[in-house]
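Only one structure is covered here, and it is reproduced in the block below.
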Amino acid sequence: MSETKVAQTNSKKRQSERTLPATFYRSKDLYEESLDSIFARSWQLVGRFNEGESFNLGLKPGMMESVTLLPGSLNEPLLLTRTQSVIALVDQNKQKNSKSKPDGNLQPEPQFNLTCLSNVCTHRGALLLETGKEEAIPPQGLRCRYHGRRFNCDGTFQSAPGFENVDNFPEEADHLKKIEIHNWGPFTFASLNPACSFEEFIEPMRERLAFLDLDKLVYKPELSCEYDIEAHWALYVDNYLEGLHIPFVHPSLSAVLDLKNYRTELFAMGNLQLGAANSKADTFDLPPQCPDFGQAMGAYYYYLFPNMMFNFYPWGLSLNIVAPTSHKTTKVYYRTFVLDPSRMQSYSPSDIKQTEMEDEDVVELVQKGIQSRVYKSGRYAPVWEQGVRQFHGLIAKFMDKNLALF
Ligand code: FES
Ligand SMILES: [Fe+2]
């Protein structure tokens with residue numbers, strides 16, 4: 001078969017594909033299964049999510065903090081410790097002026113290591129530090145208050161009263177499990193059992209947005225909020241991933257978007273919806289090396305599988321974390337970070353709230369619709385619903401199932 005024929009056949013095949021079956025969104029069993037097969041294998045933001053609390057980690061050296069990974073579903077108790085364990089030799093001259101040449105004047109500089117551990121004692125499973133607490137790391141290391149087992153700050157086993165002369169002790173499982181973490185700007189991500197490397201997960205977004213100084217993002221608790229939604233988490237994500245509904249559901253948003261130039265770019269673990277702006281919207285000042293240089297970019301809508309949205313605007317970032325709370329309820333955390341206060345005139349909390357309410361409304365409408373015994377699944381609009389199609393493919397891949405059979 002010629003290359004053109006193969007491409008045409010693939011395109012025909014893609015066009016005949018169907019959306020996830022309604023049973024996927026209804027099934028309590030598939031939801032429970034997805035916690036292990038999708039969420040426990042994904043990268044998730046680490047931090048505190050409770051109302052009014054900042055999840056930005058301002059953990060000081062010598063301190064430890066308990067956090068919950070993906071509250072409401074995974075609920076995994078983790079312990080973060082920040083220690084001063086490495087002394088690096090840093091060129092002082094180079095530090096002061098990044099353009100100057102190193103002069104060989106190397107000075108010791110303390111480095112603070114952030115470590116993420118399981119917060120569950122390896123003896124009988126007590127929490128080492130109660131949920132939401134932040135304390136100084138004791139000089140002798142971590143101590144479980146149930147039977148006094150001790151661990152070093154890196155999680156290695158130290159001692160255990162009552163276990164003297166026990167054979168094969170300690171074993172590997174007696175150390176606290178170390179959880180892989182990585183940083184991007186002010187954000188820390190962790191994964192219990194990563195299905196892909198952090199590089200693969202973050203690189204497309206990191207590279208495209210290299211022109212933004214993310215360390216300058218300032219968290220704004222007063223502009224952040226949560227919404228409880230009566231719908232399956234994946235219905236909320238489905239809705240986010242397509243622009244087809246914008247003119248119908250968000251008339252005022254569509255007035256500032258140039259929907260003719262709407263497009264979605266897919267990468268391994270997510271996608272980017274490009275919000276080309278019309279003349280009424282504020283746009284990014286892009287440097288020549290940026291691939292979008294010369295275009296009026298009003299927003300970058302990044303989706304990272306399975307449940308995170310990083311929406312960048314010229315004024316800053318609106319981060320959405322879609323946290324399942326059951327197979328039919330979801331909590332969406334809206335976290336706002338300002339990057340350039342001088343561009344805040346284009347930030348409108350009432351517009352954002354209106355868009356959110358409109359989305360919530362249609363997502364709950366779908367939640368009701370998919371209870372039907374008549375509706376099974378639908379088809380994808382080729383240009384507009386590429387992101388939804390990719391999302392469904394990733395769900396099927398992670399769950400290792402042909403979901404069409406459900
Ligand atoms: S549960 Fe921690 S020492 Fe027993
Ligand atoms: Fe929407």
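Going by what's in this entry, would T188 be described as hydroxyl-bearing (S, T, Y) and more than 18 Å from the chain's Cα centre (by Cα)?
Values: hydroxyl-bearing (S, T, Y): yes; more than 18 Å from the chain's Cα centre (by Cα): no.
So T188 fails the test.
Conditions (1) open to solvent by less than 40 Å² (accessible area, probe 1.4 Å); (2) closer than 24 Å to G155 by Cβ, marked per residue:
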residue	(1), (2)
T188	yes, yes
F198	yes, yes
E203	no, no
E207	no, no
D213	no, no
L217	yes, no
P221	no, no
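Going by the conditions given, is N193 on the phi > 0 side of the Ramachandran plot, in a loop (DSSP other than H, G, I, E, B) and away from ligand 2 (no atom under 16 Å from the Cβ)? Write out each step before concluding.
Details: on the phi > 0 side of the Ramachandran plot: no; in a loop (DSSP other than H, G, I, E, B): yes; away from ligand 2 (no atom under 16 Å from the Cβ): yes.
So N193 does not fit the description; no.
Which residues, counting only those in the range 230-239, are open to solvent by less than 40 Å² (accessible area, probe 1.4 Å) and away from ligand 2 (no atom under 13 Å from the Cβ)?
Selection gives A231, H232, W233, A234.
Quick check on the range 330-337. Is at least one of its residues open to solvent by 30 Å² or more (accessible area, probe 1.4 Å), more than 28 Å from R26 (Cβ to Cβ) and either outside the structural domain of P204 (by TED's automatic domain parsing) or of a type in the set (A, V, I, L, M, F, W, C) (or both)?
no
Just checking, does the range 277-299 include any residue being closer than 23 Å to A231 by Cα and part of a loop (DSSP other than H, G, I, E, B)?
no
If the Cβ limit is 6 Å and pairs must be 6+ apart or interchain, which residue in the range 333-346 that is in a strand (DSSP E or B) pairs with which residue that is open to solvent by 30 Å² or more (accessible area, probe 1.4 Å) and of a type in the set (D, E, K, R)?
Y333/E226; T336/K220; V338/K220
Tell me which residues, restricted to the range 118-174, are open to solvent by 50 Å² or more (accessible area, probe 1.4 Å) and within 10 Å of ligand 1 (Cβ to nearest atom).
H123, R124, L127, R143, R145, Y146, H147, R150, P161, G162, F163, listed by residue number.
Kindly indicate whether S350 is without any contact (Cβ under 8 Å) to a residue 40 or more places away in the chain and open to solvent by 50 Å² or more (accessible area, probe 1.4 Å).
Numbers: without any contact (Cβ under 8 Å) to a residue 40 or more places away in the chain: yes; open to solvent by 50 Å² or more (accessible area, probe 1.4 Å): yes.
Yes, satisfied.
For the list (1) closer than 23 Å to L74 by Cα; (2) modelled with pLDDT of 95 or more; (3) in contact with a strand residue (DSSP E or B) (Cβ under 9 Å, 6 or more places away or on another chain), I need the number of the one condition that P204 fails.
All conditions pass for P204, except number (1).
Which of the numbered conditions does D361 fail, given that it passes all the others? Conditions: (1) open to solvent by less than 40 Å² (accessible area, probe 1.4 Å); (2) within 24 Å of the chain's Cα centre (by Cα).
Looking at each condition in turn, D361 falls short on (1).
Quick check on the range 240-286: of everything there that is touching a strand residue (DSSP E or B) at 6+ places or on another chain (Cβ under 6 Å) and acidic (D, E), which residue is surrounded by the most Cβ atoms within 10 Å (Cβ to Cβ)?
Ranking the candidates gives D258 first.
Working only within the range 238-259, note down all residues that are within 26 Å of the chain's Cα centre (by Cα) and assigned to a loop (DSSP other than H, G, I, E, B).
L241, E242, G243, L244, H245, H250
L20 - would you say it is surrounded by 12 or more Cβ atoms within 10 Å (Cβ to Cβ), closer than 26 Å to E199 by Cβ and at pLDDT 90 or above?
For L20, the condition - surrounded by 12 or more Cβ atoms within 10 Å (Cβ to Cβ), closer than 26 Å to E199 by Cβ and at pLDDT 90 or above - is not met.
The values are calculated or read from the model by the stated rules, or taken from the named source; none is laboratory data. If you're wondering where the values come from, they're calculated on a predicted model, not measured in any experiment. Note that each Cβ is placed from the backbone with ideal geometry, even for glycine, and that neighbours are counted across all protein chains shown. Surface accessibility is based on the protein's heavy atoms, side chains included, excluding ligands, DNA and RNA. Shrake-Rupley method; radii C 1.70, N 1.55, O 1.52, S 1.80 Å.
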